[in-house]
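The structure appears below as structure tokens.
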Amino acid sequence: MTHTKNAIVIGGGIAGCSSAYSLAKRGWQVTLIEQAQALAQGASGNPIAVLYARLTGNPSLINHLAIASFEFSHQLLSELNLSTVDYQKCGVLQLSFNPREIERHLKFMAGNPQKIAQYMNQTEASAIAGIPLNSGGLFMPNAGWVNPSAFCKALANHPNIHICYTSTAITLAATNDGWQVFSSQKLLAQAPTVIIANANQAKQFAQTQHLPLTPVRGQLSSIPSHIITQLNPLKTIVCGDSYLSPIVDDYQHVGTTFSPNDLETSIRDSEHIQNLSALNTITHVDVSQLNKTEILSQFKGRVASRCQTTDYLPLAGQLMNAQQLTQNPPRINANSESLPWIKGLYINVGHGAKGLITAPYCAELIAESLTSSLPKVSRDMLNVLNPNRFLLRDLGLKQLAKTALMYNHADAKHAKIVERSLSAAS
Ligand SMILES: Cc1cc2nc3c(=O)[nH]c(=O)nc-3n(C[C@H](O)[C@H](O)[C@H](O)COP(=O)(O)OP(=O)(O)OC[C@H]3O[C@@H](n4cnc5c(N)ncnc54)[C@H](O)[C@@H]3O)c2cc1C
């Protein structure tokens with residue numbers, strides 16, 4: 001292994017492509033390993049994804065992560081210059097369709113420091129949407145939708161990224177100066193740094209099998225535009241209990257269902273009906289008129305698995321050695337550098353239902369940590385994403401989970417500088 005600025009990224013979805021891109025634009029050479037014949041064949045292969053921050057109203061880190069990653073993804077998409085066929089900032093309305101949402105939205109509006117959303121009453125919201133809505137809600141004018149596959153392709157289309165298709169990473173072997181990634185038959189690539197970004201399948205590696213990742217099946221329904229013409233004038237994305245898109249490529253997209261641990265991948269009429277029924281939290285739709293085989297057979301659908309953690313937050317950063325940690329638990333006040341970090345092994349998974357927003361932001365944090373720049377985010381934010389937090393909490397080291405930093409422990413001097421800068425900032 002010659003060059004230290006070499007990395008292998010495993011997985012060609014949004015997490016893998018954005019991880020590769022964040023390093024490539026910093027001058028790293030990246031080998032991107034994808035088991036399929038093309039990028040974005042997993043959860044990142046849906047025809048559209050909504051790009052918005054689910055605003056909670058609480059001044060929490062979760063809210064902060066939602067807003068920061070929302071802004072980062074839009075900034076990245078402008079940088080990549082995607083055409084309007086693949087990316088549109090048509091605005092997103094989040095309807096106050098039940099008492100819980102009303103409370104959340106009012107709380108958000110009481111703070112709303114970033115002014116990223118405005119409250120619209122039912123008449124105003126309906127005028128913005130172009131169809132009659134059942135309620136008002138928060139309007140985010142800068143939100144919209146993207147074609148995830150086009151997003152992935154644009155990220156991976158960088159001269160420093162070399163893609164190996166039809167290559168399934170099975171084993172990660174540590175060497176003296178880095179990592180070797182093997183398929184069942186051969187060595188696929190070697191480099192000092194590996195970023196695991198293959199969603200639920202991250203659990204297949206010995207180093208990451210302990211991670212609390214749950215597959216959550218989701219089905220998106222795509223309705224040909226001639227079928228529910230009353231919805232056609234829609235100009236924005238509207239979210240109630242499901243979301244409804246304007247016409248994109250002759251279809252209106254409605255979604256999505258949510259079934260934890262359901263690994264079956266066939267398209268189900270029952271889930272089309274479920275998606276349509278949830279539309280009634282947005283506007284009135286007579287589902288009984290649509291629940292007919294000859295109509296449902298014209299729908300398109302796509303099924304994929306989200307990869308969800310038990311606290312619904314991503315896992316992003318450098319990994320620790322789980323075995324060493326459990327066999328030899330550190331003291332509660334152990335300093336970060338003394339913990340069993342695995343040199344050169346990073347992860348970017350667990351993006352649940354918001355990966356088109358959170359994955360690029362996490363990719364950027366990892367790239368920052370690897371390139372010795374000072375972190376642009378707070379210690380608390382880094383720790384919210386710390387991929388070792390569950391291991392540490394299980395060992396009763398809740399406090400350590402909040403202070404152990406992911407910052408490039410391969411470079412002790414840099415880790416100290418970062419530690420000092422974050423301490424000064426907090
Ligand atoms: C129905 C549905 C609707 C959604 N809607 C939205 C939305 O509106 N907005 C939003 O932001 N998010 C949405 N999401 C979530 C979003 O799609 C995911 O969070 C995101 O795509 C996850 O990206 P990923 O790269 O982590 O995983 P994936 O896209 O699943 O990519 C993992 C990749 O790794 C590859 N891989 C796996 N194992 C190996 C291996 N051993 N070797 C090599 N390659 C391997 C796979 O082939 C795959 O390409 C939705 C998800 C679903 C299922």
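The values are calculated or read from the model by the stated rules, or taken from the named source; none is laboratory data. It should be emphasised that the depicted structure is a prediction, and the values quoted were computed from it without experimental measurement. Cβ placement follows ideal geometry from the backbone for every residue including glycine, while neighbour counts extend to all protein chains displayed.
Sort out which residues of segment 163-190 are of a type in the set (Phe, Trp, Tyr) and surrounded by fewer than 19 Cβ atoms within 10 Å (Cβ to Cβ), and write them in order of number.
Hits for segment 163-190 are TYR165, PHE182.
Just a yes or no: is a residue in segment 42-55 assigned to a loop (DSSP other than H, G, I, E, B), modelled with pLDDT of 95 or more and in contact with an Asp or Glu (Cβ under 8 Å, 6 or more places away or on another chain)?
yes
Can you pull out the residues in segment 303-360 that are more than 9 Å from the ligand (Cβ to nearest atom), assigned to a strand (DSSP E or B) and of a type in the set (Val, Ile, Thr)?
Those that are more than 9 Å from the ligand (Cβ to nearest atom), assigned to a strand (DSSP E or B) and of a type in the set (Val, Ile, Thr): THR309, ILE342, ILE347.
Those residues that are assigned to a loop (DSSP other than H, G, I, E, B) and of a type outside the set (D, E, K, R), I need them from segment 161-178; list them, please.
Of everything in segment 161-178, those that are assigned to a loop (DSSP other than H, G, I, E, B) and of a type outside the set (D, E, K, R) turn out to be TYR165, THR166, SER167, THR168, ALA169, ILE170, ASN176.
Check ALA117, ALA15, ALA36 and return the single one that is in contact (Cβ under 8 Å) with a residue 40 or more places away in the chain, among the aliphatic types (A, V, I, L, M), crowded, with 21+ Cβ neighbours inside 10 Å and not assigned by TED's automatic domain parsing to the domain that holds VAL254.
Going through ALA117, ALA15, ALA36 in turn, just one is in contact (Cβ under 8 Å) with a residue 40 or more places away in the chain, among the aliphatic types (A, V, I, L, M), crowded, with 21+ Cβ neighbours inside 10 Å and not assigned by TED's automatic domain parsing to the domain that holds VAL254: ALA15.
Out of GLN204, GLN190, GLN219, GLN230, report the one residue that is assigned by TED's automatic domain parsing to the domain that holds THR171 and either over 25 Å from the mean Cα position of the chain (by Cα) or within 15 Å of ILE48 (Cα to Cα) (or both).
Answer to the selection: GLN190.
Residue by residue through segment 93-143, note down the ones that are part of a loop (DSSP other than H, G, I, E, B), under 26 Å from GLN230 (Cβ atoms) and not polar (S, T, N, Q).
Result: PHE97, GLY130, ILE131, PRO132, LEU133, GLY136, PRO141, ALA143.
Could you list, in sequence order, all residues of segment 29-68 that are near the ligand (Cβ under 9 Å from one of its atoms) and under 29 Å from ILE116 (Cβ atoms)?
ALA40, ALA43, SER44, GLY45, ASN46, ILE48, ALA49, VAL50, LEU51, TYR52
For segment 193-212, which residues satisfy the criterion of being more than 10 Å from the ligand (Cβ to nearest atom) and of a type in the set (A, V, I, L, M, F, W, C)?
Those that are more than 10 Å from the ligand (Cβ to nearest atom) and of a type in the set (A, V, I, L, M, F, W, C): VAL194, ILE195, ALA206, LEU211.
If we scan segment 210-218, do we find a residue that is farther than 23 Å from GLY11 by Cα and surrounded by fewer than 23 Cβ atoms within 10 Å (Cβ to Cβ)?
no
Do we have GLY27 as surrounded by fewer than 24 Cβ atoms within 10 Å (Cβ to Cβ), under 24 Å from THR256 (Cα atoms) and touching a Lys or Arg at 6+ places or on another chain (Cβ under 9 Å) here?
no
Note down all Cβ pairs under 9 Å where the first residue falls in segment 141-158 and is at negative phi, the second is of a type in the set (Asp, Glu) and assigned to a helix (DSSP H, G or I), and they're at least six residues apart or on different chains.
Qualifying pairs under 9 Å: ASN142/GLU71.
Inside segment 1-12, can you point out the residues that are more than 16 Å from ASN348 (Cα to Cα) and crowded, with 16+ Cβ neighbours inside 10 Å?
Answer for segment 1-12, where residues must be more than 16 Å from ASN348 (Cα to Cα) and crowded, with 16+ Cβ neighbours inside 10 Å: LYS5, ASN6.
Given the conditions (1) within 18 Å of ASP394 (Cα to Cα); (2) of a type outside the set (A, V, I, L, M, F, W, C); (3) surrounded by 20 or more Cβ atoms within 10 Å (Cβ to Cβ), and given that SER305 satisfies all but one, which numbered condition is not satisfied?
SER305 satisfies every listed condition except (1).
HIS158 passes all but one of (1) surrounded by 15 or more Cβ atoms within 10 Å (Cβ to Cβ); (2) outside any loop (DSSP other than H, G, I, E, B); (3) more than 10 Å from the ligand (Cβ to nearest atom); which number fails?
With respect to (1) surrounded by 15 or more Cβ atoms within 10 Å (Cβ to Cβ); (2) outside any loop (DSSP other than H, G, I, E, B); (3) more than 10 Å from the ligand (Cβ to nearest atom), HIS158 is out only on (2).
For the structure I just gave you, tell me whether ALA24 is within 29 Å of SER378 (Cβ to Cβ), touching a His at 6+ places or on another chain (Cβ under 7 Å) and modelled with pLDDT of 95 or more.
yes
Return the only residue of LEU276, LEU345, LEU313 being of a type outside the set (Phe, Trp, Tyr), farther than 27 Å from MET140 by Cα and surrounded by 15 or more Cβ atoms within 10 Å (Cβ to Cβ).
LEU345 is the lone residue from the list that is of a type outside the set (Phe, Trp, Tyr), farther than 27 Å from MET140 by Cα and surrounded by 15 or more Cβ atoms within 10 Å (Cβ to Cβ).
Please work out which one of (1) hydrophobic (A, V, I, L, M, F, W, C); (2) closer than 20 Å to ALA15 by Cα; (3) at pLDDT 90 or above; (4) away from the ligand (no atom under 16 Å from the Cβ) is the condition VAL377 fails and give its number.
For VAL377, the exception is condition (3).
Somewhere in segment 71-92, is a residue closer than 30 Å to GLN122 by Cβ, hydrophobic (A, V, I, L, M, F, W, C) and in a strand (DSSP E or B)?
Taking every residue of segment 71-92 in turn, at least one turns out to be closer than 30 Å to GLN122 by Cβ, hydrophobic (A, V, I, L, M, F, W, C) and in a strand (DSSP E or B).
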